[in-house]
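Trainee: Structure below; questions to follow.
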Amino acid sequence: MAILKILEFPDPRLRTIAKPVTQFDAALLKLVDDMIETMYEADGVGLAATQVDVHKRLVVIDVSEERNAPMVFVNPEITVLDQCTREVKEGCLSVPGFYEPVTRPEHVLVRAQDQHGKTFELQPDGLLAVCVQHEMDHLNGKLFVDYVSALKRQRIRSKLEKQQRQPA
């Protein structure tokens, strides 16, 4: 397994719309393993393939306390089940150090495939529901900073660009 480089805002590659996964093969299994390892190493609860510059519709998530229950969503689709929404402070591995309130649907149905191509459905709640929607935004070229004001987004952008210019 390998730790992958996570793209950071405002990298334009984060705006790429991911393509459906069509091959469920050894390369996909390796990518899934690498993404899970990368997510754990970065202390995240979710990671979309877009964030590691792989533009496939693939997301890994682990919201368990023990960090030992990774979930894989290939070609995920969301259906909003009702109009109830919830505001939660979100952070993102691609926007390190920033947390902002985002309002999202509270009740959704997720239909996806696992890393072997088997289709499943899930009605997540709480943190898992937020995380699935957040990671799926990445697959559509959207970031959580798109939910904040233009002024706040520009401030975040400026701070991250300044940090990225600093020598490591």
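The values are calculated or read from the model by the stated rules, or taken from the named source; none is laboratory data. The shown structure was predicted, so the numbers you read here are calculated from the model rather than taken from an experiment. Ideal geometry is used to build each Cβ from the backbone, glycine not excepted, and the neighbour counts take in all protein chains shown. Ligands, DNA and RNA are excluded from the accessible area calculation, which covers all protein heavy atoms including side chains. Shrake-Rupley method; radii C 1.70, N 1.55, O 1.52, S 1.80 Å.
Trainee: Given (1) open to solvent by 50 Å² or more (accessible area, probe 1.4 Å); (2) of a type in the set (A, V, I, L, M, F, W, C); (3) over 29 Å from H116 (Cβ atoms), identify the lone condition not met by V95.
Mentor: (1)
Trainee: Tell me which residues, restricted to the range 118-136, are touching a Leu at 6+ places or on another chain (Cβ under 7 Å) and without any contact (Cβ under 8 Å) to a residue 40 or more places away in the chain.
Mentor: E121
Trainee: Something else about it: Any chance the range 2-18 includes a residue that's basic (K, R), in a loop (DSSP other than H, G, I, E, B) and in contact (Cβ under 8 Å) with a residue 40 or more places away in the chain? Write out each step before concluding.
Mentor: Of all residues in the range 2-18, those basic (K, R) come to 5, 13, 15.
Okay, now just the ones that are also in a loop (DSSP other than H, G, I, E, B), so 5.
Now restrict to residues that are in contact (Cβ under 8 Å) with a residue 40 or more places away in the chain: 5.
Yes, the range 2-18 contains at least one residue that is basic (K, R), in a loop (DSSP other than H, G, I, E, B) and in contact (Cβ under 8 Å) with a residue 40 or more places away in the chain.
Trainee: So the check is Cβ under 7 Å with 6+ separation or different chains; which pairs have a first residue in the range 139-168 that's of a type in the set (D, E, K, R) and a second one that's assigned to a helix (DSSP H, G or I)?
Mentor: So the pair list comes out as R153/V145.
Trainee: Only residues in the range 92-116 that are within 22 Å of R15 (Cα to Cα) count as the first member; pair them with residues that are crowded, with 17+ Cβ neighbours inside 10 Å and among the small types (G, A, S), Cβ under 6 angstrom, at least 6 apart or cross-chain, and list the lot.
Mentor: L93/G44
Trainee: Considering the range 119-142 alone, what residues qualify as being surrounded by fewer than 17 Cβ atoms within 10 Å (Cβ to Cβ) and closer than 24 Å to R67 by Cβ?
Mentor: As a first pass, look at the range 119-142 and keep what is surrounded by fewer than 17 Cβ atoms within 10 Å (Cβ to Cβ): 119-123, 125-127, 140-142.
The answer is F120, L122, Q123, D125, G126, L127.
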